[in-house]
1. I'd like to check something: does segment 211-222 contain any residue that is out of contact with any helix residue (DSSP H, G or I) (no Cβ under 7 Å at 6 or more places or on another chain), of a type in the set (Lys, Arg) and under 22 Å from Glu97 (Cα atoms)?
2. So which residues in segment 149-201 are among the β-branched types (Val, Ile, Thr) and either open to solvent by 40 Å² or more (accessible area, probe 1.4 Å) or without any contact (Cβ under 8 Å) to a residue 24 or more places away in the chain (or both), if there are any at all?
3. Only one residue in Arg113, Arg138 is closer than 29 Å to Arg69 by Cα, surrounded by fewer than 19 Cβ atoms within 10 Å (Cβ to Cβ) and free of Cβ contacts under 8 Å to residues at least 60 places away in the same chain. Which one?
4. Take Gly81 and decide whether it is in contact with a Leu (Cβ under 7 Å, 6 or more places away or on another chain) and within 16 Å of Asn205 (Cα to Cα).
5. Just give me the residues in segment 15-62 being open to solvent by 30 Å² or more (accessible area, probe 1.4 Å) and either touching a Pro at 6+ places or on another chain (Cβ under 6 Å) or in a loop (DSSP other than H, G, I, E, B) (or both), in sequence order.
6. Considering only segment 185-204, state which residues are modelled with pLDDT of 75 or more and within 20 Å of Arg175 (Cα to Cα).
Amino acid sequence: MTTSAFVTGATGYTGREVVRLLTEAGVETTAHIRPNSSSAATWEEQFRTQGAAVDRTPWEEEAMADTLRRLAPDILYYLVGITAKGARKAEDNPTYESVDYGLFRLLLEAASRAEIRPRVVYLSAMGVREGAKTAYYRARWNAERDLKESGLPFIIARPAMITGPDRDETRVGERLGGALADLTATGLRLFGARRLADRYRSTDNTELATALVDLGLAKDSDNQVVEAEDLKRKENPSG
Ligand SMILES: NC(=O)c1ccc[n+]([C@@H]2O[C@H](COP(=O)([O-])OP(=O)(O)OC[C@H]3O[C@@H](n4cnc5c(N)ncnc54)[C@H](OP(=O)(O)O)[C@@H]3O)[C@@H](O)[C@H]2O)c1
């Protein structure tokens, strides 16, 4: 039987690679693009060319439940999130609470209403923990908590900095953060702290998407929180 996946946040830096790798793996993939997405023109055609279906269901619980009921995906990816800069540019004043947590909550409610039990892959972030002080980490923790309590099979991925030369925005902060993290990782590696180095070094979208697709498809991967170092491709031990 063919495996199917529904990918929210498909137009993002991580999402677009997850869609590409899922289709390559023969998964019946639906890339979700929000109706008002400014990235739709770039990605809709590309996804179809790769063999994915494109869905433009609005972020409304009933509409999303109808779509999920119809498609009944085996794997549900949540790769959505805002940046502070993106939030400033948007007209509807999105916040970490309303997007990184709120839309995910909506998706869980929609899945419950559709009476489906997909494996849910939630893209969180390194350092997320209970009692975190910032709005970003609080939103991410609340989403992780609700997913664990939902009773659905889950994978929570907590990557380090996600960056690469092929990002379509400059994202100076992330580039600098990524460079700093990589420098720290090089130092740690020199001192033999290989696992810690793997934890902190930045990741690009292909490396991360490979891990997310492997975890999504693995037979025995349910109910785990996967930390940054385990989302990296294994480097040559002598390297
Ligand atoms: N970047 C990092 O260094 C890093 C590190 C650790 C964890 N993470 C987490 O991983 C997530 C994904 O990272 P990424 O770099 O792949 O993100 P990205 O390239 O910024 O993509 C974000 C995705 O979310 C969608 N989105 C944004 N605002 C939305 C809204 N108000 N309503 C619905 N959809 C919305 C975007 O759709 P449109 O194309 O339509 O805008 C896009 O598909 C981030 O949100 C972040 O929290 C990031």
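The values are calculated or read from the model by the stated rules, or taken from the named source; none is laboratory data. Just so it is clear, the structure is predicted and the values come from calculations on it, not from any experiment. Cβ: placed from backbone, ideal geometry, glycine included. Neighbour counts: every protein chain shown. Keep in mind that these areas ignore ligands, DNA and RNA; they rest on the heavy atoms of the full protein, side chains included. Shrake-Rupley method; radii C 1.70, N 1.55, O 1.52, S 1.80 Å.
1. Taking segment 211-222 and keeping what is out of contact with any helix residue (DSSP H, G or I) (no Cβ under 7 Å at 6 or more places or on another chain), we get 214-220, 222.
Narrowing further to those that are of a type in the set (Lys, Arg): 219.
The next check asks that each one be under 22 Å from Glu97 (Cα atoms); those that pass are none.
Within segment 211-222, none of the residues are out of contact with any helix residue (DSSP H, G or I) (no Cβ under 7 Å at 6 or more places or on another chain), of a type in the set (Lys, Arg) and under 22 Å from Glu97 (Cα atoms).
2. Kept after step one, since they are among the β-branched types (Val, Ile, Thr), are these residues of segment 149-201: 155-156, 162-163, 170, 172, 184, 186.
Once the filter is applied, which keeps residues that are among the β-branched types (Val, Ile, Thr) and either open to solvent by 40 Å² or more (accessible area, probe 1.4 Å) or without any contact (Cβ under 8 Å) to a residue 24 or more places away in the chain (or both), segment 149-201 yields Thr170, Val172, Thr184, Thr186.
3. Values: Arg138 fails: closer than 29 Å to Arg69 by Cα.
Just a single option satisfies the conditions, and that option is Arg113.
4. Values: in contact with a Leu (Cβ under 7 Å, 6 or more places away or on another chain): no; within 16 Å of Asn205 (Cα to Cα): yes.
No; evaluated as a whole, the condition is false for this residue.
5. Ala25, Gly26, Arg34, Pro35, Asn36, Ser38, Ser39, Gly51, Arg56, Pro58, Trp59, Glu60 - these are the residues of segment 15-62 that are open to solvent by 30 Å² or more (accessible area, probe 1.4 Å) and either touching a Pro at 6+ places or on another chain (Cβ under 6 Å) or in a loop (DSSP other than H, G, I, E, B) (or both).
6. Across segment 185-204, the qualifying residues are Thr186, Gly187, Ala197, Asp198, Arg199, Tyr200, Arg201, Ser202, Thr203, Asp204.
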